[in-house]
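Please read the structure below before turning to the comments.
The values are calculated or read from the model by the stated rules, or taken from the named source; none is laboratory data. Computed from a predicted model, the values in this text were never measured in an experiment. Virtual Cβ from ideal backbone geometry, glycine too; neighbours counted across all protein chains shown. Accessible surface is based on the protein model in full, side chains and every heavy atom, while ligands, DNA and RNA are left aside. Shrake-Rupley method; radii C 1.70, N 1.55, O 1.52, S 1.80 Å.
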Amino acid sequence: MFLSVFDMFKVGIGPSSSHTMGPMVAAARFLDLMRASPFEFHGLRASLHGSLAFTGVGHATDRATILGLGGFVAHDYDDAKATAFLAELDKTHTMQPEGLGALHFDPKADMIFDYDHALPGHSNGMILMATDAQGDVILKQVYYSIGGGFVVTEEELAQGKATDEGDPVPFPFKSAAEMLEMAKSSGKSIAGMKRANEIARGCEVSLAKGTARIWQVMNDCINRGLERDGILPGGLKVRRRAKGIYDALMAERGMNLTAPHTINDWMSVYAMAVNEENAAGGQVVTAPTNGAAGTLPAVIRYYLDHVPGASESHVEDFLLTAAAIAGLVKFNASISGAEAGCQAEVGSAAAMSAAGLCAVMGGTPEQVENAAEIALEHHLGMTCDPVKGLVQVPCIERNGLAAIKAVSAASLALRGDGQHFVPLDACIETMRQTGADMHDKYKETSLGGLAVNVPNC
């Protein structure tokens, strides 16, 4: 089983990897399908289903889909150009993706939110259609956004592409047990095995340069979030708080008698800064999703800024270790809130972060596995119930608390020898089962939980 570090950590835009980035990726794939088709097209339509419909407006799914059909992509997204494009589309109802000519698209009529018909493959389903001059559909494709910006077609899902193992790698562990056994027999760390796998796949991007860029984008996102204040978009009128908290923490630095628990505020503010940027539609890195994008950068920043002896040269090992854990969770369970609740997003992020921190602080593979298990275990059952479908409440604070749990989990694991009662594999399987049993209203539909028990405006 292999998922690249660059699969798990993708540069994109907020507020959601599954509901914003995924639909944009699907739209780009559909344009490629159209370009390869012999038909002459005159128009486009899109329908959103399941969670994409119920929380699509709050997650900007409609906007992302339209921009994707217009040729925009997440990794080099330009907000000014996107805004201008949408304004022009509202006036002309025409878009012209590269290589396809002018296509009719009326956002009010051709962007459909279908709340009544969920698609069978996944709760994040969408149908993209191209029409002829008479308005009849002559090309159609079903896509599923399966979490973390990963997208598969209806056919690919049926063929098992979502769990495709791909070409052989030196350390093809599919479980934590196999990972530990391979580490023991090879004498390599988890990061060392992951690095060997990346090199064997001949990753297009230089590993060192690629991971450095991932951290740079993460850290830049933290810094932007610490500098900006104001009200987040979407109608809830949620205030950005990271800047105020950060300013207060900086003012208290060097003061005597600072309470030890103040370190928790530092971890939280780093995470909140990222998720406030995400909520505002800024540039973030999936870790493993956008809704959980703040936890892992916050733990890295905590490590670099607050742990004696920390070195930025260890960030690559942190990311590789975290990606190994994320791959296990995605392969054996889910990283999608719409599929398994927030335990799959923030819970996975906490496990990844705990593992990464434990590794760079000298943990053995057994201690790293223990750290990941502790962090994930104490997120089991967490629902995904965003108020008004926005990635704001409870998502922003939740990332901060997950960072605190991750650091605590790593610390506990480092205090032990790696032996523990609940294996990580059992915890991941429990998360999968819990997600399968969880009522749909608690899985990113905003039909239950906090979403219906607090005012939406």
Next on the checklist: Test of understanding: express the Cα radius of gyration of the stretch 384-456 as a ratio to 2.2 N^0.38 Å, with N the residue count.
Outcome noted: 1.42
Item to check | the stretch 321-401 - charge dipole about Cα centre, Lys and Arg +1 at Cβ, Asp and Glu -1, debye rounded to 20 | outcome: 240
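For Phe54, what charge total do you get from the other residues with a beta carbon under 15 Å from its beta carbon, if Lys and Arg give +1 and Asp and Glu give -1? Show your work: numbers first, answer last.
Details: positive: Lys388, Lys441, Lys443; negative: Asp62, Asp114, Asp116, Glu339, Asp385, Asp440, Glu444.
Neighbourhood net charge equals -4.
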Next on the checklist: I'd like the orientation of helix 242-252 relative to the chain: the angle between its Cα long axis and the longest Cα principal axis, in ° from 0 to 90, rounded to 10.
Outcome noted: 20
Checklist entry - Quick one: Cα centre-to-centre distance for the stretch 378-424 and the stretch 199-257, in angstrom? => result 19
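For the stretch 120-189, what is the charge dipole size about the Cα centre, in debye to the nearest 20, if Lys and Arg each add +1 at the Cβ and Asp and Glu each add -1 at the Cβ?
The calculation lands at about 380 debye.
Based on the alpha-carbon gyration tensor of the stretch 1-85 and its eigenvalue square roots a ≥ b ≥ c, which shape applies: rounded if a/c is under 1.5, prolate if not and a/b is larger than b/c, or oblate?
Numbers: a/c = 1.43, a/b = 1.22, b/c = 1.17.
Because its axes are fairly even, with a/c under 1.5, the stretch 1-85 counts as rounded.
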Item to check | Additional length obtainable on full extension of the chain from Asp132 to Ala87, 0.36 nm per residue less Cα span | outcome: 13.7 nm
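How big is the chain by the Kirkwood estimate over distinct Cα pairs, in Å? Each step should come with its number before you reach the end.
Working: mean 1/r = 0.0450 Å⁻¹.
The answer is 22.2 Å.
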Next on the checklist: Along the charge dipole of the stretch 48-207, pointing to its positive end and built from +1/-1 on Cβ of Lys, Arg, Asp and Glu, which listed residue (Gln96, Leu157, Ile190) has its Cα farthest out?
Outcome noted: Ile190
Checklist entry - Dipole size in debye (nearest 20) for the chain around its Cα centre, Lys and Arg Cβ +1, Asp and Glu Cβ -1? => result 840
Next on the checklist: Once you place label points 7 Å from the Cα toward the Cβ at Arg35 and Asp247, how far apart are they in nm?
Outcome noted: 4.7
Checklist outcome for this item: Site Gln433, offset 7 angstrom along Cα→Cβ, radius 12 Å on amide nitrogen, limited to the stretch 376-410, gives none
Checklist entry - How big is the accessible area of Phe41 in square angstrom, nearest 10, if you roll a 1.4 angstrom probe over the protein chains? => result 20
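Shape of the stretch 227-358 from its Cα gyration tensor (a ≥ b ≥ c, root eigenvalues): rounded if a/c is under 1.5, otherwise prolate when a/b > b/c, or oblate? Intermediate values should be presented prior to the final figure.
Details: a/c = 2.22, a/b = 1.19, b/c = 1.87.
Since a/c reaches 1.5 but b/c is at least a/b, the shape of the stretch 227-358 is classed as oblate.
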Item to check | Between 0 and 90°, nearest 10: helix 365-377 axis offset from the chain longest Cα axis | outcome: 60
Checklist outcome for this item: Violations at 26 Å Cα threshold for listed pairs Lys10/Lys443; Lys108/Lys388; Lys188/Lys209; Lys10/Lys81; Lys209/Lys243 -> Lys209/Lys243
Checklist entry - Ranked from the most accessible area to the least, with a 1.4 Å probe and all protein chains present, what is the order of Arg253, Arg301? => result Arg253, Arg301
Item to check | Calculated FRET value between Ala102 and Asn456, using beta carbons and R₀ = 22 Å, to 0.05 | outcome: 0.05
Checklist entry - What is the Rg over Rh value, at two decimals, for the stretch 106-206, using alpha-carbon atoms and the Kirkwood definition of Rh? => result 1.18
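Counting Lys +1, Arg +1, Asp -1, Glu -1, what net charge surrounds Gly230 among other residues with beta carbon under 10 Å of its beta carbon? Please report the intermediate quantities before stating the final value.
Values: positive: Arg228, Arg239, Arg240, Lys243; negative: Asp229, Glu276.
The answer is +2.
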Checklist entry - Once Lys and Arg get +1 and Asp and Glu get -1 on their Cβ, which of Gly309, Gly416, Ala351 lies farthest toward the positive end of the dipole of the stretch 309-417? => result Ala351
Checklist entry - Where does each of Ile138, Ile428, Ile374 land when they are ordered by accessible area, with a 1.4 Å probe and the largest first? => result Ile138, Ile374, Ile428
Next on the checklist: What number comes out for accessible area per residue over the chain if the probe is 1.4 Å? Units Å², please.
Outcome noted: 41
Next on the checklist: On a full-extension model of 0.36 nm per residue, what is the gain between Ser311 and Thr94, subtracting their alpha-carbon distance, rounded to one decimal in nm?
Outcome noted: 73.0 nm
Checklist entry - Share of the chain's accessible area from carbon and sulfur, percent, 1.4 Å? => result 53
Item to check | Relative contact order [Cα under 8 Å, 6+ residues apart], the stretch 103-178, whole percent | outcome: 17
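Within 10 Å, at most 11 other Cβ atoms, and a DSSP state outside H, G, I, E, B define an exposed site. Report the longest part of the chain free of exposed GluC sites (Glu not before Pro). Intermediate values should be presented prior to the final figure.
Values: sites that count: Glu40, Glu98, Glu204.
Longest stretch, sites excluded: 205-457.
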